[in-house]
Amino acid sequence: MNIAARIIKHKKSIVIVFAVLMIVSIFAQFTVSVNYNMVEYLPEDAQSTKAMEIMEEEFDGSIPNTRVMIHDVTIQEALDYKEKLASIEGVSDVTWLDDAIDIKTPIEMADVDTVETYYKNDHALFSFSIEEGEEVKTTDAIYELIGEDNAMSGEALDTATQQKMAFTETLYAAALLIPIIVLILVLSTSSWIEPVFFLTAIGVSVLINLGTNIFIGEISFVTQSVAPILQLAVSLDYAIFLLHSFSDYRKKVEDPEKAMQLAIKRSFPAIVASASTTFFGFMALSFMNFEIGSDLGVNLVKGIVLSFISVMVFLPALTIMFYKWIDKTQHKPLLPSFKNIGSKVLKLKVPSLILVFVLIIPAFLAQSETNFIYGIGEQPETTRAGSDIAKIEDEFGKSTSIVLLVPKGDTAKEEQLVQELDELNHVTSILSYVNTVSAAIPHEYLDESITEQFYSENYSRIILNTNTNTEGDAAFGLIEEIQQLGKDYYGDDAYSLGESVTLYDMKNTVQRDNTVVNLLTVITIAIVLLVTFKSISFPVVLLLTIQSAVWINLSVPYFTDSSLVFVGYLIVSTVQLAATVDYAILLTEDYKEKRKEMPALKAIKQTLDEKIFAIAISASILSSVGFILWITSSNPIVSSIGLLLGRGALLAFLMVVFFLPAMLVVFDKIMEKTTLKANYYKEK
């Protein structure tokens, strides 16, 4: 008895097993924690990762990750606020003017730049750290203390905002997406109930995938937001392939069980080829050094395998149990047929080829020159967090803290280093023992409460306040200068850390990842195509078609002079190629079979007439998923992935429908000669 027959025979047991697994997974997913801290995904050998480990071992205090501005206060009132902020659970190391100068003496006698870093026009600006994991609770308590009129900004607030929005945004995206997908599927089928079968099969695999994360223990916020929706979008095709094949055999075979066995056998190669390209594309993400990519990659690879099993095992069992529902809910096709569309498309074959070949080189060059953002980007000013940032920057300008850790002991060397650091452009003030207490006073003579923020057992801590953004040319240039000075004085024993240093390390890490991931994706997909088509030329044409769509998509930010979140760019350059190459496979496989029976032009026209609808359905689902993620997410990373994915799916569809058929016809003779056992039709 073959596998298909066994699936049919044990249909009830299979449906029960999948139902139980789904229920267990629903409860299991609530035990999986979500990590919002991108720093933790940097490789262990990154400079800022080592620096963080040293600081955690040596010092009690952390790097300031939050700023609070209080309007219209005297120095005494500001000191009272400082105490209140310090007493909030989760807040540590509150820094203000009294930590930089002796405020018992008139502030008019102090350095103006130092004073105005903390106190300006009767506004006080406090810097402090919020404990990791306590962001939501602590920022809520701070808002309660400072009220509506005062402002807060910083990395910890960004994290808190993302945590609050993540769950509601996922539900909002699903609430918009599912009706759209149902509508697309209803239009594409001849039964009202069939879309429910598609969504049930993939929905069950999505829920089981979320539940299996219990074995990983923790996932990133990117994975939580993107993976379930992406899995649904890219694997829905498998269910459509199978049930369309089943529907075809129902017209030829009376017994539904026999029809399903034949459908499993017939659709298996197409589903395997489709799943393989996506599987290997996502597998490439797991080779990223920046582990947010590998976190997403592992989840998507797991998701594709589970979707494949669900479609090949659970869906046939479910369909045979309830096929009468499909029969009872039949309706006439809701869309007109696509007959003769092939001949209309082929009239544009020459303009299509010229247009793509004109665009391809500028697009390739432009996508490599795009201006990237390595963090999560800026909060919109329509939000409280965004308007607070604007208020603080209007009054005090931009401020980013960088911490330099150097070996303790040589006070004269440290004083010289601090003087050189103070002369750097964009450094507004420095907090260190030698310039805040005094290089002349041995620290052993002072109380530990005075020295502990500057000295540990082995290291001296120097905190620099700068007026750059957290990232960009100015910020990264300053970091290179600070690191070089540290190296000049202390060699490899000087370490720097802070949000901008982390983003600098992230930039260096993901740029290396970009080359590796893109190369792996192209090579693995090329191998799958080589095996599928037993040809050298078919993989080249298919990859050129989809890769051109990827380049055009990723070049848009360059031509519109907008920045692109690099994590989104890296993920989409892989995902778009892996997910949309299926359209090209579907069209090319059918063309290759028809080419054995008829001339090239006739074969491609018939293929387009028959397959354009299925490709349009698949592309519209993936595109809808992308645009809905873009519209619903306040997280710039998730939002940029959505926009790129939505636009990318549309571009891939256009390339497969217009450019690919033109290539297949124009290079027909070359493709025949470079394909094993092509057996093309020869005109008599």
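In the chain, a dipole from Cβ-located charges (positive for Lys and Arg, negative for Asp and Glu) runs towards its positive end, and of Val666, Gln231, Asn340 it is Asn340 whose Cα lies farthest in that direction. Judged by the ratio a/c of the largest to the smallest principal axis of the C-alpha gyration tensor, the stretch 79-219 counts as prolate, that ratio being 1.5 or greater while a/b is larger than b/c. Neighbours of Val418 by Cβ distance under 13 Å: Lys/Arg scored +1, Asp/Glu scored -1, total -4. Measure nothing fancy, just the Cα-based angle from helix 47-58's long axis to the longest principal axis of the chain, in degrees from 0 to 90, nearest 10. The answer is roughly 50 degrees. Computed over the stretch 146-238, the percent of Cα pairs more than 18 Å apart is 58. Only helices enter this figure: runs of n ≥ 4 DSSP H residues, each worth -39500 (n - 2.57), summed and divided by the residues of the chain, yield -22000 deg cm²/dmol at 222 nm to the nearest 500. Residues in the stretch 229-234 carry Karplus couplings, in order, of 5, 5, 4, 4, 5, 7 Hz; the curve used is 6.51 cos²θ - 1.76 cosθ + 1.60 with θ = phi - 60°, and Gly or Pro positions show x. Can you spot the lysines whose alpha carbon is less than 21 Å from Lys682's alpha carbon? Ignore those fewer than 8 places along the same chain. Counting by Cα, and skipping residues close in sequence, Lys682 has these lysines nearby: Lys534, Lys592, Lys594, Lys596, Lys602, Lys605, Lys669, Lys673.
Counting Lys and Arg as +1 and Asp and Glu as -1 over every other residue whose Cβ lies under 14 Å from the Cβ of Met69, the net charge comes to -4. Counting neighbouring beta carbons within 10 Å and listing from fewest to most, the residues Ile3, Ile617 come out as Ile3, Ile617. Taking the average, over residues, of other Cβ atoms within 10 Å as the packing measure, peptides 671-677, 220-226 rank 220-226, 671-677 from highest down. When Lys and Arg each count +1 and Asp and Glu each count -1, what net charge do the other residues less than 12 Å away from Ile585, Cβ to Cβ, add up to? That sum, taken over residues with Cβ under 12 Å, equals -2. When each of the peptides 95-105, 515-525 is scored by the mean number of other C-beta atoms lying within 10 Å of its residues, the order from highest to lowest reads 515-525, 95-105. All distinct Cα pairs of the stretch 384-503 go into the 1/r average, and the inverse of that average, the Kirkwood radius, is 15.2 Å. Selection among Val196, Ala270, Asn467 by position relative to the dipole of the chain gives Ala270 as farthest towards the positive end (Cβ unit charges, Cα centre). Per the Kirkwood formula applied to alpha carbons, the stretch 363-448 shows a radius of gyration over Rh ratio, Rg over Rh, of 1.17.
Along the positive direction of the dipole of the chain (beta-carbon charges: Lys, Arg +1; Asp, Glu -1; about the Cα centre), which of Thr114, Val301, Ser127 reaches farthest? Going by the charge dipole, the pick is Val301. From most to least packed by mean Cβ count within 10 Å, the peptides 107-120, 307-320, 204-217 give 307-320, 204-217, 107-120.
Normalised by the number of residues in the stretch 384-503, the average gap of Cα pairs under 8 Å and 6 or more apart makes the relative contact order 41 percent. Seen against the Cα atoms of the chain and their longest principal axis, helix 537-559 is set at about 40 degrees.
The relative contact order of the chain, computed from alpha carbon pairs under 8 Å that lie at least 6 residues apart in sequence, is 19 percent.
Classified by the C-alpha gyration tensor, the stretch 509-593 has a prolate form. Its axis ratio a/c, with a ≥ b ≥ c, is 1.5 or above, and a/b is larger than b/c. When Cα Rg over 2.2 N^0.38 Å is computed from the coordinates, the matching label among [x] 1.14; [y] 1.01; [z] 1.71 is [x].
Seen against the Cα atoms of the chain and their longest principal axis, helix 75-86 is set at about 50 degrees.
No lab work stands behind these numbers, since they all come straight from the coordinates. Just so it is clear, the structure is predicted and the values come from calculations on it, not from any experiment. Positions of Cβ are generated from backbone atoms using ideal geometry, with glycine treated the same way; all protein chains shown enter the neighbour counts.
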